[in-house]
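Enquirer: Here's a structure for you.
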Amino acid sequence: MSDVGSPETRRRPRLGLIAALLTGVLLLLCCAGGTAAFFLTGLGGDDAENGDTLAGMECGPVRAVNIAGKLPRFAEYGDTQVRNAAIIIKVGQDMGVPSRGWVIALATAMQESALRNLANSGVAESLALPHEGVGADHDSLGLFQQRPGWGSVAERLTPAYAARKFYEKLVKVETWQRRPLTMVAQHVQVSAYPDAYAKHEEVASRIVDALAGGAARTVEINGKAVCNAAERGQIAASGWTAPIPGGVGSGFRTASRPSHNGVDIGAAKGTEIRAAAAGRVLVSTCDEDYRGRQDCNVDGFPGKKGCGWFVDLLHAGGYITRYCHMVVQPFVKKDQTVTAGQVIGKVGSSGNSSGPHLHFEVHLRNDRSASGAVNPVPFMRQRGAPLRAAE
(Lines give C-alpha, C1' and ligand atoms only; values in the text may rest on other atoms or scores of the structure.)
Protein backbone atom coordinates (compact mmCIF):
# COMPACT_ATOMS: atom_id res chain seq x y z
CA MET A 1 0.00 0.00 0.00
CA SER A 2 1.26 3.45 -0.83
CA ASP A 3 0.09 7.02 -0.90
CA VAL A 4 3.09 9.27 -1.31
CA GLY A 5 1.22 12.49 -1.93
CA SER A 6 -1.56 14.08 0.08
CA PRO A 7 -3.12 17.54 0.00
CA GLU A 8 -2.45 20.43 1.94
CA THR A 9 -14.43 2.05 40.94
CA ARG A 10 -17.71 2.66 39.88
CA ARG A 11 -19.50 2.97 43.25
CA ARG A 12 -22.95 4.16 44.17
CA PRO A 13 -22.69 7.51 45.95
CA ARG A 14 -23.05 8.06 49.64
CA LEU A 15 -23.65 11.71 48.96
CA GLY A 16 -24.35 12.85 52.50
CA LEU A 17 -21.06 11.53 53.82
CA ILE A 18 -19.13 12.67 50.74
CA ALA A 19 -20.62 16.15 50.79
CA ALA A 20 -19.88 16.53 54.49
CA LEU A 21 -16.26 15.45 54.03
CA LEU A 22 -15.68 17.67 51.02
CA THR A 23 -17.41 20.62 52.66
CA GLY A 24 -15.16 20.27 55.70
CA VAL A 25 -12.07 20.22 53.52
CA LEU A 26 -13.34 23.24 51.59
CA LEU A 27 -13.97 25.27 54.73
CA LEU A 28 -10.50 24.53 56.02
CA LEU A 29 -8.87 25.47 52.74
CA CYS A 30 -10.91 28.59 52.04
CA CYS A 31 -10.67 30.21 55.42
CA ALA A 32 -7.87 32.71 55.90
CA GLY A 33 -5.08 31.97 58.32
CA GLY A 34 -1.97 29.95 58.90
CA THR A 35 -3.71 26.58 59.17
CA ALA A 36 -5.26 26.86 55.71
CA ALA A 37 -2.01 28.06 54.20
CA PHE A 38 -0.18 25.09 55.76
CA PHE A 39 -2.74 22.65 54.38
CA LEU A 40 -2.51 24.14 50.91
CA THR A 41 1.23 23.66 50.97
CA GLY A 42 0.60 19.99 51.62
CA LEU A 43 -1.49 19.80 48.45
CA GLY A 44 1.12 21.35 46.22
CA GLY A 45 4.41 22.88 47.24
CA ASP A 46 7.77 22.97 45.58
CA ASP A 47 8.11 19.19 45.71
CA ALA A 48 4.79 18.55 43.95
CA GLU A 49 5.01 16.31 40.90
CA ASN A 50 4.61 17.74 37.45
CA GLY A 51 1.05 17.15 36.29
CA ASP A 52 1.98 16.72 32.65
CA THR A 53 4.49 14.03 33.58
CA LEU A 54 1.82 12.14 35.49
CA ALA A 55 -0.68 12.62 32.65
CA GLY A 56 1.77 11.02 30.22
CA MET A 57 2.22 7.85 32.24
CA GLU A 58 0.61 4.57 31.26
CA CYS A 59 -3.13 4.29 31.71
CA GLY A 60 -4.66 2.32 34.57
CA PRO A 61 -5.74 1.20 36.88
CA VAL A 62 -8.07 4.17 37.31
CA ARG A 63 -7.63 5.38 40.87
CA ALA A 64 -9.81 7.31 43.28
CA VAL A 65 -8.74 10.92 43.75
CA ASN A 66 -7.39 11.75 47.19
CA ILE A 67 -8.46 15.35 47.75
CA ALA A 68 -6.55 15.57 51.02
CA GLY A 69 -3.27 14.31 49.58
CA LYS A 70 -0.46 15.98 47.68
CA LEU A 71 -1.61 17.06 44.24
CA PRO A 72 0.51 17.70 41.15
CA ARG A 73 1.34 21.05 39.65
CA PHE A 74 0.05 22.33 36.31
CA ALA A 75 1.37 25.41 34.55
CA GLU A 76 -2.16 26.59 33.81
CA TYR A 77 -3.51 26.50 37.39
CA GLY A 78 -2.42 27.08 40.98
CA ASP A 79 -2.68 24.69 43.91
CA THR A 80 -6.15 25.85 45.00
CA GLN A 81 -7.54 25.46 41.49
CA VAL A 82 -6.07 21.97 41.12
CA ARG A 83 -7.61 21.05 44.47
CA ASN A 84 -10.98 22.23 43.17
CA ALA A 85 -10.44 20.06 40.10
CA ALA A 86 -9.75 17.12 42.40
CA ILE A 87 -13.02 17.73 44.26
CA ILE A 88 -14.95 17.83 40.99
CA ILE A 89 -13.42 14.55 39.83
CA LYS A 90 -13.90 12.90 43.23
CA VAL A 91 -17.60 13.76 43.29
CA GLY A 92 -18.00 12.32 39.80
CA GLN A 93 -16.22 9.15 40.85
CA ASP A 94 -18.36 8.68 43.93
CA MET A 95 -21.54 9.28 41.96
CA GLY A 96 -20.52 6.63 39.42
CA VAL A 97 -20.39 9.12 36.54
CA PRO A 98 -18.16 7.81 33.70
CA SER A 99 -14.84 9.57 33.30
CA ARG A 100 -15.98 11.45 30.20
CA GLY A 101 -18.22 13.36 32.59
CA TRP A 102 -15.24 14.41 34.70
CA VAL A 103 -13.57 15.91 31.64
CA ILE A 104 -16.74 17.80 30.70
CA ALA A 105 -17.24 19.05 34.25
CA LEU A 106 -13.65 20.29 34.53
CA ALA A 107 -13.76 22.04 31.16
CA THR A 108 -17.02 23.71 32.17
CA ALA A 109 -15.64 24.96 35.50
CA MET A 110 -12.49 26.16 33.75
CA GLN A 111 -14.58 28.36 31.48
CA GLU A 112 -17.05 29.52 34.12
CA SER A 113 -14.68 30.34 36.98
CA ALA A 114 -11.13 29.34 36.03
CA LEU A 115 -11.60 26.64 38.72
CA ARG A 116 -12.08 29.26 41.45
CA ASN A 117 -14.91 29.22 43.97
CA LEU A 118 -16.30 32.68 43.24
CA ALA A 119 -18.50 34.85 45.42
CA ASN A 120 -20.49 37.63 43.74
CA SER A 121 -20.26 41.36 44.39
CA GLY A 122 -24.02 41.62 43.98
CA VAL A 123 -24.81 38.82 46.45
CA ALA A 124 -23.89 40.21 49.86
CA GLU A 125 -24.33 36.91 51.66
CA SER A 126 -21.72 35.27 49.45
CA LEU A 127 -19.02 37.74 50.48
CA ALA A 128 -19.25 36.57 54.09
CA LEU A 129 -18.68 32.93 53.13
CA PRO A 130 -15.37 31.26 52.21
CA HIS A 131 -14.50 32.06 48.59
CA GLU A 132 -11.53 32.40 46.25
CA GLY A 133 -12.44 35.48 44.28
CA VAL A 134 -15.37 37.75 43.47
CA GLY A 135 -17.37 37.73 40.26
CA ALA A 136 -20.17 39.95 39.06
CA ASP A 137 -22.15 37.86 36.57
CA HIS A 138 -25.80 38.37 37.52
CA ASP A 139 -26.26 36.38 40.75
CA SER A 140 -24.03 33.47 39.75
CA LEU A 141 -21.83 31.76 42.31
CA GLY A 142 -19.19 29.09 42.73
CA LEU A 143 -17.11 26.92 40.44
CA PHE A 144 -19.89 26.50 37.89
CA GLN A 145 -21.39 29.99 38.29
CA GLN A 146 -24.75 28.55 39.24
CA ARG A 147 -27.77 30.81 39.73
CA PRO A 148 -30.36 30.61 42.56
CA GLY A 149 -32.33 27.79 40.94
CA TRP A 150 -29.37 25.48 41.59
CA GLY A 151 -29.38 25.95 45.37
CA SER A 152 -28.87 28.35 48.24
CA VAL A 153 -25.94 30.76 48.41
CA ALA A 154 -24.07 28.50 50.82
CA GLU A 155 -24.75 25.41 48.72
CA ARG A 156 -23.58 26.98 45.48
CA LEU A 157 -20.38 28.09 47.23
CA THR A 158 -19.68 24.50 48.31
CA PRO A 159 -17.64 22.87 45.49
CA ALA A 160 -18.85 19.35 46.29
CA TYR A 161 -22.48 20.43 46.14
CA ALA A 162 -21.99 22.45 42.95
CA ALA A 163 -20.25 19.54 41.23
CA ARG A 164 -22.96 17.09 42.27
CA LYS A 165 -25.70 19.34 40.85
CA PHE A 166 -23.77 19.69 37.60
CA TYR A 167 -23.41 15.91 37.23
CA GLU A 168 -27.07 15.29 38.07
CA LYS A 169 -28.09 17.42 35.11
CA LEU A 170 -25.27 16.21 32.86
CA VAL A 171 -26.27 12.54 32.95
CA LYS A 172 -29.78 13.44 31.82
CA VAL A 173 -28.48 14.86 28.52
CA GLU A 174 -29.21 12.35 25.78
CA THR A 175 -26.11 10.61 24.34
CA TRP A 176 -23.89 12.99 26.30
CA GLN A 177 -20.83 10.73 26.10
CA ARG A 178 -20.75 10.92 22.29
CA ARG A 179 -21.73 14.53 21.71
CA PRO A 180 -19.24 17.41 21.45
CA LEU A 181 -18.18 18.68 24.85
CA THR A 182 -19.30 22.21 24.12
CA MET A 183 -22.82 21.06 23.20
CA VAL A 184 -23.19 19.02 26.38
CA ALA A 185 -21.81 21.76 28.62
CA GLN A 186 -24.11 24.28 27.01
CA HIS A 187 -27.11 22.02 27.53
CA VAL A 188 -26.34 21.98 31.25
CA GLN A 189 -25.21 25.57 31.71
CA VAL A 190 -27.26 27.53 29.12
CA SER A 191 -24.35 29.95 28.71
CA ALA A 192 -24.23 33.16 26.71
CA TYR A 193 -20.99 31.84 25.18
CA PRO A 194 -21.77 28.25 24.17
CA ASP A 195 -18.66 27.70 22.05
CA ALA A 196 -16.19 28.65 24.78
CA TYR A 197 -16.06 25.33 26.64
CA ALA A 198 -14.31 23.30 23.94
CA LYS A 199 -11.01 25.14 24.27
CA HIS A 200 -10.52 23.64 27.74
CA GLU A 201 -11.01 20.00 26.74
CA GLU A 202 -7.31 19.24 26.28
CA VAL A 203 -6.20 20.59 29.67
CA ALA A 204 -9.19 19.00 31.40
CA SER A 205 -8.19 15.63 29.95
CA ARG A 206 -4.61 16.04 31.15
CA ILE A 207 -5.75 16.85 34.67
CA VAL A 208 -8.08 13.85 34.73
CA ASP A 209 -5.25 11.63 33.50
CA ALA A 210 -2.82 12.94 36.13
CA LEU A 211 -5.20 12.78 39.08
CA ALA A 212 -7.03 9.57 38.23
CA GLY A 213 -4.52 7.20 36.67
CA GLY A 214 -5.03 7.96 32.99
CA ALA A 215 -8.82 7.95 33.23
CA ALA A 216 -9.25 10.26 30.23
CA ARG A 217 -7.81 7.43 28.11
CA THR A 218 -10.53 4.98 29.11
CA VAL A 219 -13.82 3.94 27.58
CA GLU A 220 -16.86 2.52 29.34
CA ILE A 221 -17.33 -1.15 28.38
CA ASN A 222 -19.92 -3.15 30.31
CA GLY A 223 -19.79 -0.62 33.11
CA LYS A 224 -16.01 -0.77 33.50
CA ALA A 225 -13.33 1.73 32.55
CA VAL A 226 -11.03 0.09 30.00
CA CYS A 227 -7.76 1.72 28.97
CA ASN A 228 -6.73 2.35 25.38
CA ALA A 229 -9.72 0.69 23.75
CA ALA A 230 -11.42 3.52 21.88
CA GLU A 231 -12.20 2.07 18.48
CA ARG A 232 -15.19 0.65 16.59
CA GLY A 233 -17.26 3.62 17.76
CA GLN A 234 -16.18 3.52 21.41
CA ILE A 235 -15.24 7.03 22.56
CA ALA A 236 -12.49 7.63 25.13
CA ALA A 237 -13.14 10.09 27.96
CA SER A 238 -10.75 12.41 26.12
CA GLY A 239 -13.33 12.59 23.33
CA TRP A 240 -11.26 10.64 20.77
CA THR A 241 -11.59 7.31 18.96
CA ALA A 242 -9.54 5.41 16.38
CA PRO A 243 -10.87 6.12 12.87
CA ILE A 244 -10.77 2.42 11.95
CA PRO A 245 -9.54 -0.73 13.66
CA GLY A 246 -6.44 -2.17 12.10
CA GLY A 247 -2.67 -2.06 12.12
CA VAL A 248 -0.45 0.67 10.74
CA GLY A 249 1.64 -0.36 7.79
CA SER A 250 3.57 2.55 6.37
CA GLY A 251 4.53 4.96 9.15
CA PHE A 252 4.96 8.68 9.60
CA ARG A 253 7.92 10.23 7.72
CA THR A 254 10.01 7.10 7.57
CA ALA A 255 13.50 7.01 6.11
CA SER A 256 12.14 5.59 2.86
CA ARG A 257 9.21 8.02 2.75
CA PRO A 258 10.27 11.26 4.49
CA SER A 259 7.36 13.24 3.03
CA HIS A 260 4.71 10.77 4.23
CA ASN A 261 2.82 13.08 6.60
CA GLY A 262 0.52 10.45 8.08
CA VAL A 263 0.18 6.71 8.56
CA ASP A 264 -1.47 4.01 6.46
CA ILE A 265 -3.91 1.75 8.28
CA GLY A 266 -4.72 -1.44 6.42
CA ALA A 267 -8.38 -2.41 6.09
CA ALA A 268 -10.77 -4.07 3.68
CA LYS A 269 -12.49 -1.96 1.06
CA GLY A 270 -15.77 -0.66 2.43
CA THR A 271 -14.65 -0.57 6.09
CA GLU A 272 -16.40 2.31 7.84
CA ILE A 273 -14.25 5.33 8.66
CA ARG A 274 -15.22 7.26 11.80
CA ALA A 275 -14.50 10.82 12.86
CA ALA A 276 -11.68 10.63 15.38
CA ALA A 277 -13.28 13.37 17.50
CA ALA A 278 -16.16 15.80 17.32
CA GLY A 279 -15.55 18.64 14.93
CA ARG A 280 -16.43 20.54 11.78
CA VAL A 281 -15.79 19.47 8.19
CA LEU A 282 -13.20 21.70 6.53
CA VAL A 283 -12.85 19.75 3.29
CA SER A 284 -14.83 16.95 1.68
CA THR A 285 -13.82 16.45 -1.92
CA CYS A 286 -11.96 14.51 -4.58
CA ASP A 287 -8.31 15.43 -4.74
CA GLU A 288 -6.81 16.13 -8.13
CA ASP A 289 -4.39 13.67 -9.70
CA TYR A 290 -1.14 14.61 -11.43
CA ARG A 291 -3.08 15.63 -14.55
CA GLY A 292 -5.40 17.89 -12.62
CA ARG A 293 -8.29 15.44 -12.97
CA GLN A 294 -10.75 14.77 -10.17
CA ASP A 295 -11.00 11.09 -10.90
CA CYS A 296 -11.82 9.35 -7.62
CA ASN A 297 -14.54 6.86 -8.49
CA VAL A 298 -11.96 4.31 -9.62
CA ASP A 299 -9.07 2.63 -7.81
CA GLY A 300 -5.89 4.61 -8.01
CA PHE A 301 -2.30 3.50 -8.41
CA PRO A 302 1.16 4.43 -7.10
CA GLY A 303 2.33 7.66 -8.65
CA LYS A 304 -1.16 8.87 -9.55
CA LYS A 305 -0.84 11.67 -6.98
CA GLY A 306 -3.51 12.90 -4.65
CA CYS A 307 -5.56 11.76 -1.71
CA GLY A 308 -8.53 10.49 -3.71
CA TRP A 309 -11.81 11.04 -1.93
CA PHE A 310 -10.85 12.66 1.36
CA VAL A 311 -12.07 14.63 4.38
CA ASP A 312 -10.40 17.12 6.70
CA LEU A 313 -11.98 17.74 10.12
CA LEU A 314 -11.25 20.60 12.52
CA HIS A 315 -11.43 19.72 16.23
CA ALA A 316 -11.26 21.64 19.51
CA GLY A 317 -7.75 22.81 20.32
CA GLY A 318 -6.92 23.57 16.68
CA TYR A 319 -6.36 19.91 15.76
CA ILE A 320 -7.08 18.76 12.22
CA THR A 321 -7.48 15.15 11.12
CA ARG A 322 -7.33 13.93 7.53
CA TYR A 323 -8.85 10.76 6.00
CA CYS A 324 -7.75 9.77 2.48
CA HIS A 325 -8.48 7.23 -0.31
CA MET A 326 -12.18 6.66 0.34
CA VAL A 327 -13.95 4.32 -2.03
CA VAL A 328 -16.87 6.66 -2.73
CA GLN A 329 -17.74 10.27 -2.08
CA PRO A 330 -17.58 11.05 1.67
CA PHE A 331 -20.80 10.99 3.68
CA VAL A 332 -20.24 14.49 5.08
CA LYS A 333 -20.08 17.93 3.50
CA LYS A 334 -18.06 21.07 4.11
CA ASP A 335 -19.05 23.01 7.27
CA GLN A 336 -21.08 20.09 8.62
CA THR A 337 -20.69 19.36 12.34
CA VAL A 338 -19.83 15.76 13.17
CA THR A 339 -19.78 13.81 16.42
CA ALA A 340 -16.95 11.62 17.65
CA GLY A 341 -17.25 8.19 16.06
CA GLN A 342 -19.64 9.33 13.33
CA VAL A 343 -19.17 7.41 10.08
CA ILE A 344 -17.82 9.87 7.50
CA GLY A 345 -16.91 7.50 4.67
CA LYS A 346 -15.58 4.08 3.70
CA VAL A 347 -12.11 2.72 3.06
CA GLY A 348 -11.04 2.50 -0.55
CA SER A 349 -8.04 2.91 -2.82
CA SER A 350 -8.72 6.12 -4.73
CA GLY A 351 -5.90 8.50 -5.53
CA ASN A 352 -2.23 7.69 -5.03
CA SER A 353 -2.70 4.20 -3.62
CA SER A 354 -1.67 0.62 -4.26
CA GLY A 355 -4.47 -1.06 -2.29
CA PRO A 356 -7.34 -0.45 0.12
CA HIS A 357 -6.32 1.40 3.28
CA LEU A 358 -6.90 4.59 5.20
CA HIS A 359 -4.24 7.27 5.08
CA PHE A 360 -4.70 9.17 8.36
CA GLU A 361 -3.07 12.43 9.35
CA VAL A 362 -3.09 14.69 12.43
CA HIS A 363 -2.18 18.37 12.26
CA LEU A 364 -1.67 20.96 14.99
CA ARG A 365 -2.36 24.70 15.26
CA ASN A 366 -5.08 24.76 12.58
CA ASP A 367 -2.35 24.10 10.01
CA ARG A 368 -3.41 21.78 7.18
CA SER A 369 0.01 21.94 5.53
CA ALA A 370 2.91 19.55 6.02
CA SER A 371 4.34 21.96 8.60
CA GLY A 372 1.43 21.23 10.95
CA ALA A 373 1.57 17.43 10.64
CA VAL A 374 2.58 15.26 13.61
CA ASN A 375 2.90 11.52 14.05
CA PRO A 376 -0.64 10.19 14.64
CA VAL A 377 0.55 7.08 16.54
CA PRO A 378 1.70 8.75 19.81
CA PHE A 379 -0.95 11.45 19.44
CA MET A 380 -3.80 8.96 19.38
CA ARG A 381 -2.26 6.73 22.05
CA GLN A 382 -2.13 9.69 24.45
CA ARG A 383 -5.89 10.07 23.97
CA GLY A 384 -6.79 6.46 24.64
CA ALA A 385 -7.49 5.69 20.98
CA PRO A 386 -4.30 3.92 19.90
CA LEU A 387 -3.61 2.93 16.34
CA ARG A 388 -2.52 -0.66 16.71
CA ALA A 389 0.92 -0.31 15.28
CA ALA A 390 4.59 0.24 15.82
CA GLU A 391 5.78 3.81 15.35
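The values are calculated or read from the model by the stated rules, or taken from the named source; none is laboratory data. Note that this is a predicted model, so its numbers are computed, not measured. All Cβ positions, even for glycine, are placed from backbone atoms using ideal geometry, and neighbour counts span all protein chains on display.
Enquirer: Condition test on residue 124, is it among the small types (Gly, Ala, Ser) and either crowded, with 24+ Cβ neighbours inside 10 Å or touching a strand residue (DSSP E or B) at 6+ places or on another chain (Cβ under 6 Å) (or both)? Steps first, answer last, please.
Expert: Numbers: among the small types (Gly, Ala, Ser): yes; either crowded, with 24+ Cβ neighbours inside 10 Å or touching a strand residue (DSSP E or B) at 6+ places or on another chain (Cβ under 6 Å) (or both): no.
The answer is no for residue 124.
Enquirer: Can you find a residue in the range 102-122 that is touching a His at 6+ places or on another chain (Cβ under 6 Å), assigned by TED's automatic domain parsing to the domain that holds residue 219 and over 16 Å from residue 201 (Cβ atoms)?
Expert: yes
Enquirer: What residue, among those in the range 186-224 that are modelled with pLDDT under 95, buried (at least 17 other Cβ atoms within 10 Å of the Cβ) and of a type in the set (A, V, I, L, M), is farthest from the chain's Cα centre (by Cα)?
Expert: Checked the range 186-224; the qualifying residue farthest from the chain's Cα centre (by Cα) is 196.
Enquirer: Of the numbered conditions (1) surrounded by 22 or more Cβ atoms within 10 Å (Cβ to Cβ); (2) assigned by TED's automatic domain parsing to the domain that holds residue 284; (3) in contact with a strand residue (DSSP E or B) (Cβ under 7 Å, 6 or more places away or on another chain), residue 387 fails exactly one; give the number of that condition.
Expert: (2)
Enquirer: Still on this structure: Against the definition (in the same structural domain as residue 314 (by TED's automatic domain parsing), surrounded by 21 or more Cβ atoms within 10 Å (Cβ to Cβ), over 16 Å from residue 231 (Cα atoms) and touching a Phe, Trp or Tyr at 6+ places or on another chain (Cβ under 8 Å)), how does residue 353 come out, yes or no?
Expert: Working: in the same structural domain as residue 314 (by TED's automatic domain parsing): yes; surrounded by 21 or more Cβ atoms within 10 Å (Cβ to Cβ): yes; over 16 Å from residue 231 (Cα atoms): yes; touching a Phe, Trp or Tyr at 6+ places or on another chain (Cβ under 8 Å): yes.
When the stated conditions are applied, residue 353 passes them.
Enquirer: Count, please, the residues in the range 240-284 that happen to be surrounded by 23 or more Cβ atoms within 10 Å (Cβ to Cβ), in contact with a Ser or Thr (Cβ under 9 Å, 6 or more places away or on another chain), aliphatic (A, V, I, L, M) and part of a strand (DSSP E or B).
Expert: Looking only at that region, the number is 2.
Enquirer: Out of the residues in the range 299-351 that are of a type in the set (Ser, Thr, Tyr) and outside any loop (DSSP other than H, G, I, E, B), state the one that is modelled with the lowest pLDDT.
Expert: Step one: filter the range 299-351 for residues of a type in the set (Ser, Thr, Tyr), giving 319, 321, 323, 337, 339, 349-350.
The next check asks that each one be outside any loop (DSSP other than H, G, I, E, B); those that pass are 319, 321, 323, 337.
Values: 319: 97, 321: 98, 323: 98, 337: 93.
The qualifying residue modelled with the lowest pLDDT is 337.
Enquirer: Here are 275, 236: which of them is more than 25 Å from residue 210 (Cα to Cα) and under 23 Å from the mean Cα position of the chain (by Cα)?
Expert: Values: 236 fails: more than 25 Å from residue 210 (Cα to Cα).
Result of the check over 275, 236: 275.
Enquirer: Just to be sure, is residue 366 among the polar types (S, T, N, Q) and under 20 Å from the mean Cα position of the chain (by Cα)?
Expert: Working: among the polar types (S, T, N, Q): yes; under 20 Å from the mean Cα position of the chain (by Cα): yes.
So residue 366 fits the description; yes.
Enquirer: Need pairs with beta-carbon distance below 6 Å; first residue within 15 Å of residue 353 (Cβ to Cβ) and within the range 273-292, second of a type in the set (S, T, N, Q) and not in a strand (DSSP E or B); sequence gap 6+ or separate chains.
Expert: Listed pairs, sorted by first residue: 286/294; 288/294.
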